[in-house]
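Student: Mind having a look at this structure? Questions to follow.
The values are calculated or read from the model by the stated rules, or taken from the named source; none is laboratory data. Keep in mind the model is a prediction, meaning the values are calculated, not measured. Here the Cβ positions follow ideal geometry from the backbone for every residue, glycine too, while neighbour counts run over all protein chains shown. What goes into the accessible areas is simple: the full protein's heavy atoms, side chains included, and nothing from ligands, DNA or RNA. Shrake-Rupley method; radii C 1.70, N 1.55, O 1.52, S 1.80 Å.
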Amino acid sequence: MKVHIFTYGCQMNENDTEIAKQLLLNEGFEITDSEDDADVVILNTCAVRKKSEEKVYSHIGKLKKKGKKIGIMGCVAEKEKENLFKRGVSFVLGTRALAEIPKAVENAKNGSRHAYFDDTLSEIEYHKVETRSSKHHAWITIIYGCDRFCTYCIVPYTRNREKSRTLDSVLTEVRALVDKGYKEFTFLGQNVDAYGKDLGDGTSLAKLLREASKIDQVKRLWFLTSYPTDFSLEIPQAMNESEKIAKSVHLPVQHGSNKILKAMNRRYTREEYIQLIQDIRKIVPDASISSDIIVGFPGETDEDFEDTVNLVKELKFERLNLAVYSPREGTVAWKYYKDDVPYKTKVRRMSYLLNLQKLINKELNEAYKDKTVEVIVEAQAKNGLFYGRDIRNKIISFEGSNELIGKSVLVKVNKITAGPLHGTIEKVLDF
Ligand code: SAM
Ligand code: SF4
């Protein structure tokens with residue numbers, strides 16, 4: 001019985017897919033990279049924006065035409081639940097029901113239809129997962145769910161309440177991975193700074209970073225995504241204590257206007273956010289700070305948008321993910337706020353910010369000119385060049401070879417663009 005899993009959305013979905021593959025292999029199923037070759041196709045889905053959900057429905061349509069048995073996991077599974085049966089799928093697997101995946105595929109094979117929503121996360125043996133997408137870098141989900149309830153966001157409904165894995169479970173996974181040659185790890189959570197709070201035993205993200213950095217073979221530690229009022233300044237302090245902790249914080253601001261931040265239920269003001277960035281930069285002056293921004297939230301006037309523009313100009317983020325507001329059924333914003341910013345205005349504002357960010361990128365990238373930085377080689381790009389990141393999450397491309405993937409190299413930067421930097425390898429480091 002061959003199973004193919006197609007992954008939409010965030011890194012947490014990627015990690016869930018890796019775990020799902022191992023659970024299926026354990027029960028004797030075969031995993032195939034080819035959709036056409038598979039008896040069962042599982043779509044691991046994203047519901048953050050309407051578009052991401054629509055992509056899933058059109059994919060289901062195509063699979064039905066091919067006569068495939070279909071399983072749905074991820075956020076659309078949790079959002080739509082048994083409604084998905086009307087679209088002809090064989091099973092629906094909730095975001096906490098991952099450990100039931102072999103049973104779901106087995107039942108699909110026998111032609112029966114089931115939905116699975118029990119929380120079975122405690123059954124997962126994370127340290128035994130070998131079906132990773134990379135051989136040197138591993139995603140590690142450390143906290144599930146989100147309790148923040150931003151008014152536009154579907155995630156608290158699809159990923160449920162915050163639930164942390166124990167420190168011991170996460171460190172056991174890291175140790176098992178370093179034994180297999182992994183050296184780079186990204187700790188994941190929708191609100192990664194809330195890690196440990198529900199455990200009530202002093203566990204925190206800073207503690208995890210400190211403990212994991214003591215493991216010899218660990219080379220670099222990342223974490224995603226931070227939430228401003230949960231972010232602890234212990235984290236930049238930990239960055240200063242260990243050069244293994246990446247100097248990179250992804251800290252979405254979402255908006256620059258206090259009126260909109262309040263309507264979004266973001267629980268901080270523009271001034272508090274700016275202060276937080278200043279505090280981080282005081283501790284780690286070269287910290288790389290990236291952010292997410294939504295344009296066209298209900299009620300966003302030209303003045304509100306101007307507040308966002310000025311914030312972006314002032315803070316100069318290293319990277320910016322921009323999204324046009326998309327009303328999500330069931331959220332507070334969908335229920336109570338009119339989606340009143342015309343689509344054209346949303347697009348205009350978005351492209352304005354895109355262009356502004358390009359100029360900022362170019363300006364910030366200039367600081368890299370002729371600098372030599374340590375990069376872990378990640379992969380080969382379509383254009384044939386290899387690329388990797390430095391400790392500040394800066395992407396640098398260079399001529400290389402497959403044997404270098406996963407290795408640390410020193411790269412001298414010689415070409416600056418608004419996008420990736422270009423350089424030449426000066427030395428391959430032994431690690
Ligand atoms: N937890 C993180 C945070 O607090 O920002 C990010 C999680 S969310 C899945 C990823 C990004 O999607 C958010 O930062 C936000 O910018 C965007 N997003 C979420 N809901 C959205 C919506 N309804 N419309 C447009 N963008 C949205
Ligand atoms: Fe969504 Fe807000 Fe939670 Fe991020 S913090 S996942 S934007 S509710």
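Student: Calculate the translational D of the stretch 311-431 in whole µm² s⁻¹ from Stokes-Einstein, where the hydrodynamic radius comes from the Kirkwood formula applied to all Cα pairs, the temperature is 25 °C and the viscosity 0.890 mPa s. Present the calculation step by step, with values, prior to reporting the outcome.
Tutor: Details: Rh = 16.8 Å.
It comes out at roughly 146 µm²/s.
Student: Could the peptides 139-146, 53-60 be put in order, highest first, of the mean number of other beta-carbon atoms found within 10 Å of their residues?
Tutor: Details: 139-146: 23.2, 53-60: 16.9.
Sorting 139-146, 53-60 by mean packing, highest first, produces 139-146, 53-60.
Student: Still on this structure: Please report how far the C-alpha centroid of the stretch 367-431 lies from that of the stretch 279-333, rounded to the nearest whole angstrom.
Tutor: That distance is 29 Å.
Student: Calculate what fraction, in whole %, of the accessible area of the stretch 213-349 sits on carbon and sulfur atoms when a 1.4 Å probe is rolled over the protein chains. Don't skip to the answer; put the middle values down first.
Tutor: Numbers: 2910 of 5940 Å².
Solvent-exposed carbon and sulfur of the stretch 213-349 make up 49 percent of the total.
Student: Hey, can you rank 361-374, 402-415 by average C-beta count inside 10 Å, highest first?
Tutor: Peptide ranking by packing, descending: 402-415, 361-374.
Student: Moving on. How much of the DSSP bridge set in the stretch 45-200 is antiparallel, in percent, rounded to the nearest 5?
Tutor: Taking every DSSP beta bridge with both residues in the stretch 45-200, the antiparallel ones total about 15 percent.
Student: For the stretch 281-431, what is the accessible area per residue in Å² when the probe is 1.4 Å?
Tutor: On a per-residue basis, 51 Å².
Student: With θ taken as phi - 60° and the coefficients 6.51, -1.76 and 1.60, list the Karplus ³J(HN,Hα) couplings across the stretch 171-176 in order, rounded to whole Hz; mark glycine and proline as x.
Tutor: Rounded to whole hertz, the list is 5, 4, 5, 4, 4, 4.
Student: Label points 7 Å out from Cα along the Cβ direction at T172 and F85: separation in nm?
Tutor: It is 3.7 nm.
Student: Continuing with this model, one more query. Find the relative contact order for the stretch 9-130 and round it to a whole percent, using C-alpha pairs within less than 8 Å whose residues are 6+ positions apart.
Tutor: Working: 180 pairs, mean separation 28.7, N = 122.
In percent, rounded to a whole number, it is 24.
Student: Follow-up. Please compute the contact order of the chain in relative form: average sequence separation of alpha-carbon pairs under 8 Å and at least six residues apart, divided by the residue count, as a percent.
Tutor: Normalised by residue count, the contact order of the chain is 10 percent.
Student: Separate question: Suppose every K and R has +1 on its Cβ and every D and E has -1 on its Cβ; what is the size of the dipole of the chain about the Cα centre, in Debye to the nearest 20?
Tutor: I would put it at about 1120 debye.
Student: Run the reach check for K219 against lysines, Cα to Cα strictly under 22 Å, same-chain hits fewer than 8 apart removed. What comes back?
Tutor: Here the lysines satisfying the reach criterion relative to K219 are K128, K135, K180, K183, K207, K244, K247, K371, K394, K407, K412, K427.
Student: Could you tell me the extents of the chain's C-alpha atoms along the three principal axes, largest first, rounded to whole Å?
Tutor: 61, 56, 48
Student: Want the number for T301 to K109: 0.36 nm per residue separation, take away the alpha-carbon distance, what's left?
Tutor: Values: separation 192, 0.36 × 192 = 69.12 nm, distance 5.32 nm.
So the chain would gain 63.8 nm between T301 and K109.
Student: Further question on the same structure: The stretch 203-261: which GluC sites (Glu not before Pro) are DSSP loop and have at most 15 other beta-carbon atoms within 10 angstrom?
Tutor: E243
Student: Let me ask something else about it. With a point put 7 Å past each Cα toward its Cβ, work out how far A381 is from V428 in nm, to one decimal.
Tutor: 2.2 nm
Student: Could you list, by residue number, the cysteines of the chain that have no other cysteine's beta carbon within less than 4.7 Å of their beta carbon?
Tutor: Result for the chain is C10, C46, C75, C146, no neighbouring Cys Cβ within the cutoff.
Student: Continuing with the same structure: Nearest 0.05, what FRET efficiency do E123 and L354 give at R0 = 30 Å with Cβ-Cβ as r?
Tutor: Approximately 0.10, to the nearest 0.05.
Student: Right, something else. I need the phi-derived Karplus couplings for the stretch 63-76: 6.51 cos²θ - 1.76 cosθ + 1.60, θ = phi - 60°, integer Hz, Gly and Pro marked x.
Tutor: Karplus values, whole Hz, x for Gly and Pro: 5, 4, 4, 7, x, 7, 7, 10, x, 10, 10, x, 5, 5.
Student: Calculated from DSSP H runs of 4 or more alone, at -39500 (n - 2.57) each and per residue, what is the 222 nm mean residue ellipticity of the chain, nearest 500? The partial results should precede the final answer.
Tutor: Details: 13 runs with 143 residues, N = 431.
Only helices count here, giving -10000 deg cm²/dmol.
Student: Can you say what percent of the DSSP beta bridges in the chain, counting only those with both residues inside, are antiparallel? Round to 5.
Tutor: Percent antiparallel among DSSP bridges in the chain is about 35.
Student: Moving to a separate point now. State log₁₀ I(q)/I(0) for the stretch 24-147 at q = 0.16, 0.18, 0.21 Å⁻¹ as given by the Debye formula over alpha-carbon point scatterers of equal weight, solvent excluded.
Tutor: -0.85, -1.08, -1.42
Student: Which listed residue (A263, L209, L224) has the Cα farthest towards the positive end of the charge dipole for the stretch 140-288, taking +1 on Lys and Arg C-beta and -1 on Asp and Glu C-beta about the Cα centre?
Tutor: Selected residue: A263.
Student: Post the alpha-carbon centroid distance, the stretch 1-36 to the stretch 172-216, in whole angstrom.
Tutor: One Cα centre to the other: 24 Å.
Student: For a protection proxy built on the mean count of beta-carbon atoms within 10 angstrom, sort 120-130, 191-201 highest first, please.
Tutor: Top of the packing list down: 191-201, 120-130.
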